[in-house]
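Written below as structure tokens is the structure these notes are about.
The values are calculated or read from the model by the stated rules, or taken from the named source; none is laboratory data. The structure displayed is predicted, hence computed values, not measured ones. Every residue, glycine as well, gets a Cβ built from its backbone with ideal geometry; the counts of neighbours run over all protein chains shown.
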Amino acid sequence: MSVAETQPTVDEAALMELTGRIVGDLAATLSAALVVIGEKHGLYRALADAGPLTAPDLAQRTGTTERYVREWLLNQAAGGCVSYAPDSGRYHLTPEQAFALADESSPAYMPGAFQLVTSVLRDEPAIADAFASGRGLDWGEHDPGLFEGTERFFAPGYRANLVGSWIPALDGVREKLEAGARVADIGCGHGASTIIMAGAFPRSRFFGFDSHPASIDRARRRATEGGVDDRVEFAVASGAEFPGTDYDLVAFFDCLHDMGDPVAAATHVRQALAPDGTMMLVEPYAGDRIEDNLNPIGRLYSAASTMICVPASLAHEGVALGAQAGEARLREVVTAAGFGRFRRATETPVNLILEARP
């Protein structure tokens, strides 16, 4: 039998469709760095404030070089992040483009996500080695851009949802926070979620814990800048060893699945809670079956999980739940930790908000 006879038949149309998707992926990957550059030099903001602009206009306004800006604009217009008017040769942002790329107060502000992505790409050699060795890569071993990019990626969603919808979806928690409660924020990073809660509930006390000392230093500065340092304390501690008891609320924002032993962390929470306390888990949106996650959100989170979440857990010889653990698997973790009640309190297109009580 000849080699040609053993080769599978290739559907040319299917091959062209696949290569088209791959070209799109390549373009998106290269363009991620240009989003970061555009934000860094204020290009989006200038277009939003003063557009429509030509490339020389934009370069002059931002103190950048026209030749680079001209090519950047072509890339951004080709990707749909900037709009181009052929009749005038000028570029502008639609209201939607400005909302996503030029307005830092927007719940849909996206440049932080691109900062996260570009930082993770720098870690590719270490993760490639981990595929062969099986070792992990702890959070603090990543490129430093990951720490800031992660906060800037998640913070807009926290600002949009945490106080307005997530906390109200928990049984009786908002009322406790309004009256004065003790709250622990585990894996707090730079403190965005802690500070948002502290700003909304001035009668309560908030304690943020993270195992990464540099992030805790940044969180303390952010609390002072935000004027909430009178009711917020940050300290270096792991999820399974943080101090304090009688917490009315203990929250994990997009981090329980990263931990080496999530059952141990949840067990510690069970012991640290007040008798009628609540544990809130904010986790990446995921279905319980593989086929439920074969979509853009599943693709995004499984990529982040491969590069960040699984390595973080394996660095501590952990179970590596991953960012696509799903509600059923998280229920197993919480139940094993001794919680008697568990439910999905609410959700967004990108997050599951889960409530556990003794």
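Among the helices (runs of 4 or more DSSP H) lying completely within segment 1-81, list those that include at least 2 residues that are within 33 Å of the chain's Cα centre (by Cα). Before the answer, list the steps.
On the way: elements: 3-6, 12-40, 43-50, 55-62, 66-78.
Those helices (runs of 4 or more DSSP H) span 12-40, 43-50, 55-62, 66-78.
Please work out if residue 38 is of a type in the set (Gly, Ala, Ser) and at pLDDT below 95.
Considered against the rule, which asks whether it is of a type in the set (Gly, Ala, Ser) and at pLDDT below 95, residue 38 comes out as no.
Can we say residue 244 is in contact (Cβ under 8 Å) with a residue 40 or more places away in the chain, at positive phi and assigned to a loop (DSSP other than H, G, I, E, B)?
The answer is yes for residue 244.
Check 91, 44 and return the single one that is crowded, with 18+ Cβ neighbours inside 10 Å, of a type outside the set (Val, Ile, Thr) and farther than 24 Å from residue 107 by Cβ. Let's see the steps before the verdict.
Working: 44 fails: farther than 24 Å from residue 107 by Cβ.
When all the criteria are applied, what remains is 91.
Regarding segment 294-303, can at least one residue be identified that is under 30 Å from residue 174 (Cα atoms) and in contact with a helix residue (DSSP H, G or I) (Cβ under 9 Å, 6 or more places away or on another chain)?
There is at least one residue in segment 294-303 that is under 30 Å from residue 174 (Cα atoms) and in contact with a helix residue (DSSP H, G or I) (Cβ under 9 Å, 6 or more places away or on another chain).
If residue 142 satisfies all but one of (1) of a type outside the set (Ser, Thr, Tyr); (2) touching a strand residue (DSSP E or B) at 6+ places or on another chain (Cβ under 9 Å); (3) crowded, with 17+ Cβ neighbours inside 10 Å, what's the number of the condition it fails?
If we test residue 142 against (1) of a type outside the set (Ser, Thr, Tyr); (2) touching a strand residue (DSSP E or B) at 6+ places or on another chain (Cβ under 9 Å); (3) crowded, with 17+ Cβ neighbours inside 10 Å, just (2) comes out false.
I'm told residue 154 meets every condition in (1) outside any loop (DSSP other than H, G, I, E, B); (2) at pLDDT 95 or above except one. Can you identify the failing condition by its number?
Residue 154 satisfies all of (1) outside any loop (DSSP other than H, G, I, E, B); (2) at pLDDT 95 or above except (2).
In segment 94-115, which residues are of a type outside the set (Asp, Glu) and either farther than 20 Å from residue 149 by Cβ or touching a residue at least 60 places away in the same chain (Cβ under 8 Å) (or both)?
The answer is 94, 95, 97, 98, 101, 110, 111, 114, 115.
Here are some conditions: (1) under 30 Å from residue 126 (Cα atoms); (2) of a type in the set (Asp, Glu); (3) surrounded by fewer than 18 Cβ atoms within 10 Å (Cβ to Cβ). Residue 258 meets all but one. Which one does it not meet?
Going through the list (1) under 30 Å from residue 126 (Cα atoms); (2) of a type in the set (Asp, Glu); (3) surrounded by fewer than 18 Cβ atoms within 10 Å (Cβ to Cβ), residue 258 breaks only (3).
Looking at this structure, is residue 91 without any contact (Cβ under 8 Å) to a residue 40 or more places away in the chain and in a strand (DSSP E or B)?
Taking the combined requirement at face value, the residue does not satisfy it.
Among the residues of segment 117-155, what is the count of those that are in contact with a Gly (Cβ under 7 Å, 6 or more places away or on another chain), of a type in the set (A, V, I, L, M, F, W, C) and within 23 Å of residue 26 (Cα to Cα)?
The qualifying residues number 1.
Out of all the residues in segment 280-323, which are assigned to a helix (DSSP H, G or I), without any contact (Cβ under 8 Å) to a residue 40 or more places away in the chain and over 17 Å from the mean Cα position of the chain (by Cα)?
290, 291, 292, 293
Answer yes or no as to whether residue 206 is of a type in the set (A, V, I, L, M, F, W, C) and modelled with pLDDT under 95. Working first, answer last.
Details: of a type in the set (A, V, I, L, M, F, W, C): yes; modelled with pLDDT under 95: no.
No.
Does residue 355 count as among the charged types (D, E, K, R) and surrounded by 19 or more Cβ atoms within 10 Å (Cβ to Cβ)?
yes
Which members of segment 99-113 meet the condition of being within 13 Å of residue 157 (Cα to Cα) and assigned to a loop (DSSP other than H, G, I, E, B)?
Of all residues in segment 99-113, those within 13 Å of residue 157 (Cα to Cα) come to 100, 104-110, 112-113.
Of everything in segment 99-113, those that are within 13 Å of residue 157 (Cα to Cα) and assigned to a loop (DSSP other than H, G, I, E, B) turn out to be 104, 105, 106, 107, 108, 109, 110.
Hey, does segment 163-181 have a residue that's in contact with a His (Cβ under 9 Å, 6 or more places away or on another chain) and not aromatic (Phe, Trp, Tyr)? Steps first, answer last, please.
First pass over segment 163-181, keeping only residues in contact with a His (Cβ under 9 Å, 6 or more places away or on another chain): none.
No, segment 163-181 contains no residue that is in contact with a His (Cβ under 9 Å, 6 or more places away or on another chain) and not aromatic (Phe, Trp, Tyr).
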